[in-house]
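Q: One structure follows; several queries about it will come next.
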Amino acid sequence: MFEGLSDKLSTILNGLTRRGALTEDDVNAALREVRRALLEADVALEVVRSFTDKVRARAVGAEVVRSVSPGQQVVKIVHDQLVEMLGADAEVIDLNAPPPVAILMVGLQGSGKTTTTAKIAKRLTTRDKRRVLMASLDTRRPAAMEQLAVLGKQVGVETLPIVAGQSAVQIARRAMEAARLGGYDVVMLDTAGRVTVDEGLMLEVADVKAATNPHEVLLVADALTGQDAVNTARAFDERLGVTGIVLTRMDGDARGGAALSMRAVTGKPIKLVGTGEKVDALEEFHPSRVANRILG
Ligand code: GDP
């Protein structure tokens with residue numbers, strides 16, 4: 001991921017560091033190239049504009065530090081600005097609430113929601129030693145319920161037994177009750193997805209949210225859909241109040257536009273990224289590491 005952008009930015013910024021003294025024109029010319037590289041990586045226009053404005057303001061006003069060249073100083077400013085754009089610190093899933101803690105998984109169909117639910121459940125079980133119960137609320141697609149049950153067996157996490165004819169809210173309530181009685185720490189609720197953001201979906205998920213009072217509402221979005229992923233996240237956040245984002249298919253995303261725009265556009269952190277189809281292919285998102293990788 002970020003290959004193209006990384007190559008371009010390294011070339012542009014290396015060009016700067018080779019110069020002895022930098023003029024404002026040098027900086028502006030480099031920033032024009034940076035802007036083009038970010039747009040080619042499919043970063044949202046508003047984000048690109050604000051990014052280059054901030055770098056310019058800091059670069060022009062910066063005091064010259066003797067130990068580094070002016071070019072290196074600009075590289076540092078670009079790095080810091082990238083970190084700020086991505087969200088300063090790595091965020092983790094917050095389980096700091098009385099158990100059972102509900103985690104509501106939301107997103108469009110095909111985004112990787114069910115797979116990600118199982119990945120997170122596995123991580124919470126094996127790494128964080130939590131007792132996790134998963135439940136599928138996809139009442140319209142029995143296959144999705146089956147899929148979660150199969151994944152649950154695969155990762156060694158229990159799923160709520162399927163009862164035909166219940167509504168999403170009824171299943172969610174049953175899951176919370178079962179978790180309370182069974183002494184579970186975490187309940188992961190895999191909500192139904194639709195092909196597009198629609199009113200019916202939002203109403204249903206809002207009802208589930210009201211009934212379960214989740215501590216985290218995680219929006220799962222497909223990085224390969226670029227700016228559509230960012231717009232989807234914004235729409236879900238406006239209606240449901242998202243607490244974090246999981247960006248899937250980062251393994252296939254060479255450009256990285258969704259990852260780079262998500263925080264700046266939605267104000268919500270990317271908490272985890274999916275990096276493959278396997279149940280272990282889940283990683284934390286560390287803004288400073290990502291910025292380092294981009295700058296090579
Ligand atoms: P849902 O409809 O949102 O629940 O999506 P699924 O969980 O069924 O995932 C759809 C497809 O995407 C499946 O084939 C998954 O294996 C695949 N998938 C999910 N996450 C990732 C990921 O991070 N990388 C890759 N390459 N594939 C993924």
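Q: What is the extension gain from residue 203 to residue 146, computed as 0.36 nm multiplied by their sequence separation minus the C-alpha to C-alpha distance, in nm to one decimal?
A: Taking 0.36 nm per residue and subtracting the Cα distance, the gain is 18.1 nm.
Q: Compute the FRET efficiency between residue 24 and residue 72 as 1/(1 + (r/R0)^6), taking r as their Cβ-Cβ distance and R0 = 30 Å, and round to the nearest 0.05.
A: 0.95
Q: Given +1 on the Cβ of Lys and Arg, -1 on the Cβ of Asp and Glu, and no further charges, what dipole in debye does the chain carry about its Cα centre, rounded to the nearest 20?
A: With Lys and Arg at +1 and Asp and Glu at -1, about 420 debye.
Q: Would you kindly derive the ³J(HN,Hα) couplings of region 169-180 from the backbone phi angles with the Karplus curve 6.51 cos²θ - 1.76 cosθ + 1.60 (θ = phi - 60°), listing them in order in whole Hz, with x for Gly and Pro?
A: Residue by residue, region 169-180 yields 5, 5, 5, 4, 5, 5, 5, 5, 5, 4, 5, 4 Hz.
Q: Separate question: Please work out, to two decimal places, the log10 of the ratio I(q)/I(0) at q = 0.16, 0.22, 0.27 Å⁻¹ from a Debye calculation in which every Cα of region 150-205 carries one identical scatterer.
A: Values returned for q = 0.16, 0.22, 0.27 Å⁻¹ are -0.61, -0.99, -1.18.
Q: Take peptides 38-46, 161-169 and line them up by average Cβ neighbours within 10 Å, highest first, as a rough protection proxy.
A: 38-46, 161-169
Q: Here's another thing I want to ask about it. Over every pair of different alpha-carbon atoms in region 103-156, take the mean of 1/r and invert it; report that Kirkwood radius in Å.
A: Result for region 103-156, one decimal place: 11.5 Å.
Q: Hey, what angle do you get for helix 3-17 against the long axis of the chain, alpha-carbon based, 0 to 90 degrees rounded to 10?
A: Result, in degrees: 30.
Q: Another question, if that's okay. Given 37 °C and 0.692 mPa s, compute D for region 1-145 with the Stokes-Einstein relation, Rh being the Kirkwood radius over Cα pairs; round to the nearest whole µm²/s.
A: 173 µm²/s
Q: What distance in nm lies between label points placed 7 Å from Cα along the C-beta direction at residue 57 and residue 180?
A: Rounded to a tenth, the inter-label distance reads 5.0 nm.
Q: Something else: Taking N as the number of residues in region 189-236, what is its Cα Rg relative to 2.2 N^0.38 Å?
A: Compared with the compact-globule rule of thumb, region 189-236 sits at 1.19.
Q: Follow-up question, since we're still on this one. Mean projection of the alpha-carbon convex hull of region 142-279 over all orientations, in nm²?
A: Result: a mean projected hull area of 8.7 nm².
Q: Right, here's the next one. Report, to the nearest whole %, how much of the accessible area of the chain belongs to carbon and sulfur atoms, 1.4 Å probe, protein only.
A: Answer for the chain: carbon and sulfur cover 50 percent of the accessible area.
Q: If I take every Cα pair under 8 Å that is 6 or more residues apart in region 143-257, average their sequence separation and divide by the length, what percent do I get for the relative contact order?
A: Reported relative contact order: 21 percent.
Q: Convert each backbone phi in region 33-47 into a coupling constant with the Karplus relation 6.51 cos²θ - 1.76 cosθ + 1.60 (shift: θ = phi - 60°), then list the ³J(HN,Hα) values in order as whole Hz, x for Gly and Pro.
A: After applying 6.51 cos²θ - 1.76 cosθ + 1.60, I find 5, 4, 4, 5, 4, 5, 5, 5, 7, 6, 7, 4, 3, 4, 6 Hz.
Q: List every residue whose amide H lies under 5 Å from the amide H of residue 160, counting only residues 5 or more places away in sequence or on a different chain, with H placed 1.01 Å from N in the peptide plane.
A: Counting only residues 5 or more places away or on other chains, the set is 134, 135, 136.
Q: I would also like to ask the following. Which value, in Å², gives the accessible area per residue of the chain when a 1.4 Å probe is used on the protein heavy atoms?
A: Ligands and nucleic acids excluded, the result is 46 Å² per residue.
Q: Still on this structure: Could you compute Rg(Cα) / (2.2 N^0.38 Å) for region 224-296, with N its residue count?
A: Region 224-296 yields a ratio of 1.08.
Q: Can you give me the convex hull volume of the Cα atoms of the chain, divided per residue and expressed in Å³?
A: Cα convex hull per residue, to the nearest whole number: 127 Å³.
Q: Relative contact order of region 139-198: what whole-number percent is it, with Cα pairs under 8 angstrom and at least 6 residues apart?
A: 30 percent
The values are calculated or read from the model by the stated rules, or taken from the named source; none is laboratory data. Computed from a predicted structure; not experimentally measured. Note: ideal-geometry Cβ built from the backbone for every residue, glycine included; neighbour counts use all protein chains shown. Surface areas here come from the heavy atoms of the whole protein model, side chains and all, with no ligands, DNA or RNA. Shrake-Rupley method; radii C 1.70, N 1.55, O 1.52, S 1.80 Å.
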